Amino acid sequence: MAQTAVHIDFQPIGRRIQIRSGATLLEAAQQAGVGLVAVCGGSGVCGTCRVRVLAGQVNPPTPTEEDELPAEDLAAGLRLACQVQVQSDARVDVPRESLSAPQRTQVEGESLAVPLAPAVIACDVALEPATQTDLRSDWTRLLDGLAAAEVEAEVPQDRFVLAALPPVLREHGWRVRAAVRGREVIAVGPVERAPLGFAVDVGTTKLAGYLVDLTTGRTLAMDGRMNPQIAYGEDVMARISYAIQGPEHAATLQRAIAEALNALLIDLCRRAGARLPQVVDAVMVGNTAMHHLLAGLPVMQLGTAPYVAAVSDALDLKARDLGLEMAPGAYVHLLPNIAGFVGADHVAMLLATDTPGKPGVTISLDIGTNTEISLNAHGRLLACSTASGPAFEGAHIRDGMRAAVGAIERVRIADGRLNYQTVGGARPVGICGSGILDAIAQLRLVGALTEQGALLPFARVRAADHGPEFLLATAQESGHGRDVTLSRSDVGEIQLAKAAIRAGMRILLEEAGLTEADLDRVIVAGAFGTYIDVDSAITVGMFPPLPRERYFQVGNAAGMGACQCVLSVQQRRLAQQIARRVDYLELTNDRRFTDRFTQALALRPDCWDEG
């Protein structure tokens, strides 16, 4: 049978490769620059190149796989990439542990200090042991001890918390530390273990987690990882489409995020020398769709206009009901959503940056596959959401990839010579969002790219089957033996993404009767917003041409807002107040959007045709 070309989509890395049918997934990964661990070189005897085939036709498990993989792993869909031969287009999930080099995720961010006032307090009590003459129940004994310490508590209606008390009391000589939330005892443990909080920014693409000490406010550990839901859809609408195919699909997405959060928390606890039962409280933020998928709420109504949330108010849900492994009675606090796809993550960003409290005119935006934008116009708060798409994450870009080792992240052209920088200093295997933005800006500056996005004759611009392309790295320079290029269609994907953002900013300003020149400051948050060159963003027309000192890149402000809220109930109340103050604009219903979007496609700083 003649061999045909098939396309392999590796997630959550975001790398795509065309390869001959019959090739193995390990060969495809190697050609795509995906750093799969393959200790044995592909002979199948090490069992390290584990992947999960999500879609596509492949051969059944081989005898080698049946020998190397436990039956439960095979039942869960795990395969060895070196043994899987692809016969059609396929989508493949690569577990974190199968990658030789982690992707870069953004966890750091700027934040305001907040007074320590956690929802869960710790109270140490020393109780009298039970005797023949003192037959009070263990819980009565604990509640009496708390009352003596002037802490009011009630008998919990939580059998998991109740069941934990008797062995803990006796194992620790009747001296214990109770974690109390309101009047509810949610955990009891040894006095030497500090109560901990878990704050998470649940992004469409990435997760950022923080483990904090609730008695000191200190961050003990932080880390980021990819959101595994991306294997089922790169953007919000794709995941909604997957979820509404049936209850089992929605459950798959909820289980995937819960498992990833558990793995993240286990890793953070290991780094901090802590144990899971110490984690007595959590705050999680995400856009409206991520919020609903985590909470197990329906998302069908988010998939069509008018894009209505099931709930916008803050929620407090038992962690174990979400499949999360924390203290027996621990809760997860979900910050409020605003409307549409402007969710709790944006509220957290506004909180962390104090956008509502800033004087004058401020725009704050969190750039991602879904970009949320807020305007504070002399105290009036407006917000919108733009579908900027996954292009900034490297999706739909021929050689695009996320910010992993080998991704070109910086590009400069000087005296006709190209210079680039890669993540980790490795040989290039693709280009990530910040590099794409740089490349387009540099091509504009040297006159090799029109404002409509057409490539012009220039050094390293060459003809290809799909039209002109710009050669970023030759096969000899690259880490996978293939050229790395930027095509006209790649430029078009960035035009669409940046135009949506610029148009959203413009419409918010128009709604407030202002112009871009009235902006006192632009706060740029999010992983992509952290790494981009603002000058490049201005050159291509994604940001307005304002003095550079008016731009502030603040990192993962949503994660910082979540940290504030895990440390302070006052910040949770403030987040609720902020969400209620914001007037939301649904751009799909706004007659101005099409015109503003079309104008914003132009690759120039001042893209508006006021005539």
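As an exercise: evaluate Arg482 against (1) touching a residue at least 24 places away in the same chain (Cβ under 8 Å); (2) touching a strand residue (DSSP E or B) at 6+ places or on another chain (Cβ under 6 Å) and give the number of the one condition it does not meet.
With respect to (1) touching a residue at least 24 places away in the same chain (Cβ under 8 Å); (2) touching a strand residue (DSSP E or B) at 6+ places or on another chain (Cβ under 6 Å), Arg482 is out only on (2).
Pull out all pairs, ordered by first then second residue, where Cβ-Cβ is under 7 Å, the residues are six or more apart or on different chains, the first lies in region 490-504 and is of a type in the set (Lys, Arg), and the second is crowded, with 22+ Cβ neighbours inside 10 Å.
What qualifies is Lys498/Val540; Lys498/Gly541; Lys498/Met542; Arg502/Gly541; Arg502/Met542; Arg502/Ala600; Arg502/Cys607.
Given the criterion within 17 Å of Arg482 (Cβ to Cβ), in a loop (DSSP other than H, G, I, E, B), in contact with a helix residue (DSSP H, G or I) (Cβ under 8 Å, 6 or more places away or on another chain) and not assigned by TED's automatic domain parsing to the domain that holds Ile19, identify the matching residue among Arg427, Arg398. Spell out how you get there, then give the answer.
On the way: Arg427 fails: in contact with a helix residue (DSSP H, G or I) (Cβ under 8 Å, 6 or more places away or on another chain).
None of the other options fit; the residue is Arg398.
Being small (Gly, Ala, Ser) and either assigned by TED's automatic domain parsing to the domain that holds Asn287 or more than 14 Å from Leu574 (Cβ to Cβ) (or both) is the filter here; which residues of region 549-563 pass it?
To start, the set of residues in region 549-563 that are small (Gly, Ala, Ser) comprises 555, 557-559, 561-562.
If the condition is that a residue be small (Gly, Ala, Ser) and either assigned by TED's automatic domain parsing to the domain that holds Asn287 or more than 14 Å from Leu574 (Cβ to Cβ) (or both), then Gly555, Ala557, Ala558, Gly559 are the ones that fit.
Looking only at region 108-124, how many residues end up being in contact with a helix residue (DSSP H, G or I) (Cβ under 6 Å, 6 or more places away or on another chain) and either at pLDDT below 90 or farther than 29 Å from Cys563 by Cβ (or both)?
3
Could you check Gln576 against (1) out of contact with any strand residue (DSSP E or B) (no Cβ under 8 Å at 6 or more places or on another chain); (2) at pLDDT below 95 and say which number it fails?
Answer for Gln576: the failing condition is (2).
Just to be sure before I move on: is Val188 assigned to a strand (DSSP E or B) and either under 12 Å from the mean Cα position of the chain (by Cα) or among the aliphatic types (A, V, I, L, M) (or both) in the structure I sent?
Working: assigned to a strand (DSSP E or B): yes; either under 12 Å from the mean Cα position of the chain (by Cα) or among the aliphatic types (A, V, I, L, M) (or both): yes.
Yes.
Take region 167-183 and flag every residue that is in a helix (DSSP H, G or I), free of Cβ contacts under 8 Å to residues at least 40 places away in the same chain and within 14 Å of Ala126 (Cα to Cα). Outline the logic, then answer.
Residues of region 167-183 in a helix (DSSP H, G or I): 167-171.
Next, only the ones that are free of Cβ contacts under 8 Å to residues at least 40 places away in the same chain stay: 167-168, 170-171.
Selection gives Val168, Arg170, Glu171.
Can you tell which of Leu207, Leu211 is surrounded by 22 or more Cβ atoms within 10 Å (Cβ to Cβ) and touching a Lys or Arg at 6+ places or on another chain (Cβ under 6 Å)? Walk me through it before giving the result.
Working: Leu211 fails: touching a Lys or Arg at 6+ places or on another chain (Cβ under 6 Å).
Selected residue: Leu207, the only one of Leu207, Leu211 that is surrounded by 22 or more Cβ atoms within 10 Å (Cβ to Cβ) and touching a Lys or Arg at 6+ places or on another chain (Cβ under 6 Å).
Results for (1) of a type outside the set (Asp, Glu); (2) more than 20 Å from Thr369 (Cα to Cα), shown as yes or no for each residue.
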position	(1), (2)
Thr450	yes, yes
Phe458	yes, yes
Val461	yes, yes
Ala464	yes, yes
Leu471	yes, yes
Gly492	yes, no
Glu516	no, yes
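Out of all the residues in region 364-395, which are under 27 Å from Phe470 (Cβ atoms), of a type outside the set (Ser, Thr, Tyr) and in a loop (DSSP other than H, G, I, E, B)?
Those that are under 27 Å from Phe470 (Cβ atoms), of a type outside the set (Ser, Thr, Tyr) and in a loop (DSSP other than H, G, I, E, B): Ile367, Gly368, Ala387, Gly389, Gly394, Ala395.
Take the conditions at pLDDT below 95 and buried (at least 18 other Cβ atoms within 10 Å of the Cβ) and apply them to Ser489. Does it pass?
Details: at pLDDT below 95: yes; buried (at least 18 other Cβ atoms within 10 Å of the Cβ): no.
The answer is no for Ser489.
Tell me, which residue of region 214-243 that is of a type in the set (Val, Ile, Thr) and within 22 Å of the chain's Cα centre (by Cα) is surrounded by the fewest Cβ atoms within 10 Å (Cβ to Cβ)? Show your work before the answer.
Filtering region 214-243 for residues of a type in the set (Val, Ile, Thr) gives 215-216, 219, 230, 236, 240.
Next, only the ones that are within 22 Å of the chain's Cα centre (by Cα) stay: 219, 230, 236, 240.
Values: Thr219: 18, Ile230: 26, Val236: 24, Ile240: 23.
That would be Thr219.
Across region 270-288, which residue is nearest to Ile230 (Cα to Cα) among those that are in contact with a helix residue (DSSP H, G or I) (Cβ under 8 Å, 6 or more places away or on another chain) and free of Cβ contacts under 8 Å to residues at least 60 places away in the same chain?
Among residues in region 270-288 that are in contact with a helix residue (DSSP H, G or I) (Cβ under 8 Å, 6 or more places away or on another chain) and free of Cβ contacts under 8 Å to residues at least 60 places away in the same chain, the one nearest to Ile230 (Cα to Cα) is Thr288.
When region 309-340 is examined, which residues are found to be among the hydroxyl-bearing types (Ser, Thr, Tyr) and not in a strand (DSSP E or B)? Can you show your working first?
From region 309-340, those among the hydroxyl-bearing types (Ser, Thr, Tyr) are 312, 331; that's our starting set.
Ser312 - this is the single residue of region 309-340 that is among the hydroxyl-bearing types (Ser, Thr, Tyr) and not in a strand (DSSP E or B).
Hey, among the residues in region 218-250 that are touching a strand residue (DSSP E or B) at 6+ places or on another chain (Cβ under 9 Å) and part of a loop (DSSP other than H, G, I, E, B), which one's farthest from Phe392 (Cα to Cα)?
Going residue by residue through region 218-250, those that are touching a strand residue (DSSP E or B) at 6+ places or on another chain (Cβ under 9 Å) are 218-228, 230-232, 234.
Now drop any that are not part of a loop (DSSP other than H, G, I, E, B), which leaves 218, 227, 234.
Numbers: Arg218: 33, Asn227: 16, Glu234: 12 Å.
Selected residue: Arg218.
I need the helices (runs of 4 or more DSSP H) fully contained in region 511-567, keeping only those with at least 1 residues that are within 15 Å of the chain's Cα centre (by Cα). Explain how you work it out, then say what you get.
Values: elements: 527-531, 534-539, 557-567.
The helices (runs of 4 or more DSSP H) meeting that bar are 527-531, 557-567.
The values are calculated or read from the model by the stated rules, or taken from the named source; none is laboratory data. All of these numbers come straight from a predicted model, not from anything done at the bench. Because the Cβ atoms are built from the backbone with ideal geometry, glycine has one as well, and the counts that use them run over all protein chains shown.
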